[in-house]
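A.B. asks: Starting off with a structure, shown below.
Coordinate-derived values only; no laboratory data. From a predicted model like this one, the values you see are computed outputs, not experimental measurements. All Cβ positions, glycine included, derive from the backbone under ideal geometry; neighbour counts span all protein chains shown.
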Amino acid sequence: MPLAIQIHEFGGPENLRLVDLPVGEPGPGEIRIRHRACGLNYIDIYQRTGLYTGPLPLTLGMEASGVVEAVGEGVTHLQPGDRAAYTSQPPGAYSEARVMPARCVVKLPDQIDDETAAAMMLKGLTVQYLLRKTQPQGGLMPGDFVLFHAAAGGVGLIACQWARAMGLRLIGTAGSDEKCRLAMEHGADAVINYSREDFVARVREITGGQGVKVVYDAIGKDTWERSLDCLRPFGLMVSYGNTSGPVPPVSLGVLAAKGSLYVTRPSVFTHLATRESTQAMADELFEMVANGQIRIRVDQRYALKDVAQAHRDLEGRRTTGSSVLLP
């Protein structure tokens, strides 16, 4: 039977178990895929700890690439033998093979290899919906300033490159000089080392006192309040993650006092609700990667059985770029 990584209770990395998991035939609207590489993301940690709850036992993992082995009734966009990739609910990518909904699985172009695909689906589609769809009042124009936290992570490095391609001036934050250099090399206009600099003061300095049109924040609790102070009037605060913990309750009056601000808490999976929207988003991502405007860094590789160490490294902020698990 194929191997998979499951949790039987919420908690630390020690709860990750390597188990034999039977995989059957796909039903209507489903495929069976054999994985070649699986992506590692912070949402996997949220699910492992129970911040995002799911039914137990739970097989983790939200993105992977591989080869389609079988298709169920009604599936026409994929065929057995196709190289494919996905980011999808329900979880289950930490496995050698699985049966899953075909709706969020897309055929891979020949020029994108398996590790790159596994490392970019959730992160790349997240950047696509953030920069292309989650925009402030009046949209984003070349020359506009945006603030992007955790700019040297897997999502951040893709965002630096995509923002540059759009002509945006992305101000990134990171926790070390090495990570700041990495973000700059990938297209950030300016980078702030938040471990020794006041990022609010630096943002004001960089923007000539105006502030940014939008803040993209996956850190959460630790950066929420100060990020609001980085926005210009009518600016947009986009909270799309919680690596430091959930954002506390928000007083709407604060938004008025700080300049009639807008706030949103989006999810990539709302944008991937239909096969058509998934394909359109993936096509744009594939084009950006294929034409060289975005390079996907896979800086860490782990065997599937070593997933606990991968989680420790990600939580300990010891990773850069993207990480993959190899079944």
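A.B. asks: Report the full-extension gain for the segment Gln293 to Glu276: residue separation times 0.36 nm, less the Cα-Cα distance, to one decimal in nm. Walk me through the intermediate numbers first.
C.D. replies: Working: separation 17, 0.36 × 17 = 6.12 nm, distance 2.39 nm.
So the chain would gain 3.7 nm between Gln293 and Glu276.
A.B. asks: Still on this structure, I have one more. Which whole-angstrom value gives the distance between the alpha carbon centres of the range 1-62 and the range 145-205?
C.D. replies: 32
A.B. asks: Angle, helix 114-133 long axis vs. longest principal axis of the chain, Cα atoms, 0 to 90°, nearest 10?
C.D. replies: Taking the Cα atoms of the chain, the angle to 114-133 is about 40 degrees.
A.B. asks: A further question follows. Just to verify a number: FRET efficiency for Glu284 and Arg196, C-beta to C-beta distance, R0 = 35 Å, to 0.05? All intermediate terms of the calculation are to be shown ahead of the outcome.
C.D. replies: On the way: r = 37 Å, r/R0 = 1.06.
Calculated value: 0.40.
A.B. asks: With θ set to phi - 60° and the Karplus curve 6.51 cos²θ - 1.76 cosθ + 1.60, what are the ³J(HN,Hα) couplings of the range 46-56 in order, to the nearest whole Hz, using x for Gly and Pro?
C.D. replies: Couplings: 4, 6, 5, 7, x, 4, 10, 8, x, x, 9 Hz.
A.B. asks: Add +1 for every Lys or Arg and -1 for every Asp or Glu among the other residues with Cβ under 13 Å from the Cβ of His8, and state the total. All intermediate terms of the calculation are to be shown ahead of the outcome.
C.D. replies: On the way: positive: Arg17, Arg48; negative: Glu9, Glu14.
Combined, the nearby Lys, Arg, Asp and Glu give 0.
A.B. asks: In deg cm²/dmol, rounded to 500, what helix-only [θ] at 222 nm does the chain give when every DSSP H run of at least 4 residues adds -39500 (n - 2.57) and the total is split over its residues?
C.D. replies: Numbers: 10 runs with 98 residues, N = 327.
When only DSSP H runs of four or more count, the value is -8500 deg cm²/dmol.
A.B. asks: Going by average Cβ neighbours within 10 Å, how do the peptides 58-69, 127-138 rank, with the highest at the top?
C.D. replies: Numbers: 58-69: 24.2, 127-138: 18.2.
By packing density, highest mean first, the sequence is 58-69, 127-138.
A.B. asks: Something else about it: Would you calculate the separation in nanometres between label points at Leu252 and Glu25, each defined as 7 Å from the Cα along the Cα-to-beta-carbon direction?
C.D. replies: Result for the modelled spin labels: 5.4 nm.
A.B. asks: Measuring from a point 7 Å past the Cα of Asp306 along Cα-to-C-beta, which residues in the range 101-134 have an amide N at less than 18 Å?
C.D. replies: Of the residues in the range 101-134, 115-116, 119 have backbone N under 18 Å from the label point off Asp306.
A.B. asks: Follow-up. Residues in the range 40-60 near a label at Glu9, defined as backbone nitrogen under 20 Å from the 7 Å Cα→Cβ point?
C.D. replies: 45-60
A.B. asks: Report the antiparallel proportion of the DSSP beta bridges in the chain as a percent, rounded to a multiple of 5. Could you put the intermediate results ahead of the total?
C.D. replies: Working: 29 of 54 bridges.
Roughly 55 percent of the DSSP beta bridges within the chain come out antiparallel.
A.B. asks: Around Gly208, under 15 Å between beta carbons, what's the net of Lys plus Arg minus Asp minus Glu among the other residues?
C.D. replies: Values: positive: Arg169, Arg202, Arg204, Lys213, Arg232; negative: Asp144, Asp189, Glu205.
After counting each charged neighbour, the total is +2.
A.B. asks: Cα to Cα, under 19 Å, and not fewer than 8 places away if on the same chain: which aspartates and glutamates meet these conditions relative to Lys258?
C.D. replies: Cross-link targets: Asp198, Glu205, Asp217, Asp222, Glu225, Asp229.
A.B. asks: Quick one: if the Förster radius is 22 Å, what FRET efficiency do Gln210 and Ser244 give, using the C-beta to C-beta distance and rounding to 0.05? Write out the running numbers ahead of the final one.
C.D. replies: On the way: r = 27 Å, r/R0 = 1.22.
Once the sixth-power term is evaluated, E becomes 0.25.
A.B. asks: Let me ask something else. So what's the chain giving for Cα Rg divided by 2.2 N^0.38 Å, two decimals?
C.D. replies: Working: Rg = 19.7 Å, N = 327, 2.2 N^0.38 = 19.9 Å.
After normalising by residue count via 2.2 N^0.38 Å, the value is 0.99.
A.B. asks: Going through the cross-link list Lys107/Lys213; Lys123/Lys213; Lys179/Lys305; Lys221/Lys305; Lys123/Lys221, which pairs have a Cα-Cα distance over 30 Å in this structure? Walk me through the numbers on the way to the answer.
C.D. replies: Numbers: Lys107/Lys213 36 Å; Lys123/Lys213 22 Å; Lys179/Lys305 28 Å; Lys221/Lys305 32 Å; Lys123/Lys221 21 Å.
Flagged as over cut-off: Lys107/Lys213; Lys221/Lys305.
A.B. asks: Same structure again: How tilted is helix 275-290 with respect to the longest principal axis of the chain? Cα atoms for both, answer in degrees (0 to 90, nearest 10).
C.D. replies: Helix 275-290 sits at roughly 70 degrees to that axis.
A.B. asks: Here's something else I'd like to know. Give me the number: length gained by fully extending Arg317 to Gln111, i.e. 0.36 nm times residue separation minus the C-alpha to C-alpha distance, one decimal in nm. Could you put the intermediate results ahead of the total?
C.D. replies: Details: separation 206, 0.36 × 206 = 74.16 nm, distance 3.08 nm.
Additional length available on full extension: 71.1 nm.
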